[in-house]
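Asker: First, the structure itself, so that you have it in front of you.
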Amino acid sequence: MAERIDFRDQISANKWKSFFLMAVIFAFIIALAYAVSYAFDPGYFFTIMIFAIIFSIGYTYISYYFSDKIAIASVGAREADRSQHRQYYNVVEGLTIASGLPMPKLCIMNSQQINAFASGRDPKHAVVCVTMGALDKLDRKELEGVLAHELSHVADYDIRYMTLAAVMVGMIAIISQIFLRSMWFRSGDNRNNRNSAIFMFIGILLAILAPIAVKLVQLAISRKREYTADATAVKFTRYPGGLISALKKIRDEAIPERRISKAVAPLFFASPIPEVLSTHPPIEKRIDVLEKM
């Protein structure tokens with residue numbers, strides 16, 4: 001008999017793993033900045049870090065505060081009409097009562113794929129969007145499971161968390177580019193310095209590999225957040241069967257993928273585009289974990 005998994009243990013374990021992965025990203029930033037600054041001048045460390053922080057925060061500020069509007073516009077979604085989609089509203093209202101969340105704005109995306117996503121910087125500014133395929137093909141329990149998963153992202157502030165991860169990943173990419181491009185303008189004063197040459201080699205190596213490594217870490221964070229949202233959805237509904245059934249329908253459907261921006265693809269309940277390095281764990285693994293709850 002398979003070992004049972006308590007959804008509370010699953011949520012706690014995944015959150016701790018996510019914090020650990022974030023710490024790994026931060027360690028990469030410090031290591032790369034130190035190697036770059038030592039190869040040139042230790043004073044560059046603060047210059048590089050300040051510039052990277054200002055640029056990254058400025059870049060993500062607009063995306064963060066207008067994430068809901070940007071996401072809805074990018075997929076061509078529209079606000080759901082209560083009279084036409086009464087079940088959609090009723091299910092979400094029931095889940096908000098169970099979870100203690102405020103009612104989000106509800107939207108619909110014109111796609112026959114079974115899918116959904118949530119966006120917004122906090123529960124008070126949240127939006128939930130489902131595809132027409134989800135409304136047409138899922139029964140009430142299955143739809144409830146999918147929507148509970150999306151509201152879990154809202155409750156757990158996942159948009160804020162993933163924005164922070166994006167900022168940190170962006171900082172590493174910026175530092176790497178500054179370092180590699182500055183190689184063309186570096187004076188030859190320290191080229192005979194052995195220590196400088198060693199740190200220069202380390203800096204080049206980190207500048208090339210760090211963006212790749214932290215991108216993999218970011219993908220791992222995203223996958224952990226999906227497992228956590230599945231577990232939180234079970235907490236809200238107390239019934240994993242609906243979510244399991246919805247995942248099986250997604251696994252078995254053969255609908256051509258709609259063109260979706262890679263920037264918003266991580267928000268979706270199931271990855272809407274085929275990716276070698278997916279932001280979502282395999283559906284079979286999600287089903288397997290849920291069946292043990």
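No value in this document is a laboratory result; all are computed from the given coordinates. No experiment lies behind these values; they were computed from the predicted model shown. Using ideal geometry, Cβ is built from the backbone for each residue, glycine included, and neighbour counts are taken over all protein chains shown.
Asker: So how many residues does segment 95-135 have that are touching a Lys or Arg at 6+ places or on another chain (Cβ under 8 Å), under 18 Å from D230 (Cβ atoms) and touching a residue at least 60 places away in the same chain (Cβ under 8 Å)?
Answerer: Going through segment 95-135 one residue at a time, the tally reaches 1.
Asker: A follow-up question, please. Give, as residue ranges, the strands (runs of 3 or more DSSP E) completely inside segment 70-156 that count at least 3 residues that are buried (at least 22 other Cβ atoms within 10 Å of the Cβ).
Answerer: On the way: elements: 105-109, 116-119, 127-131.
Output list reads 116-119, 127-131.
Asker: Give all pairs with beta carbons closer than 6 Å in which a residue from segment 76-94 that is under 14 Å from M132 (Cβ atoms) meets a residue that is hydroxyl-bearing (S, T, Y); count only pairs at least 6 apart in sequence or on separate chains.
Answerer: Pairs found: A80/Y88.
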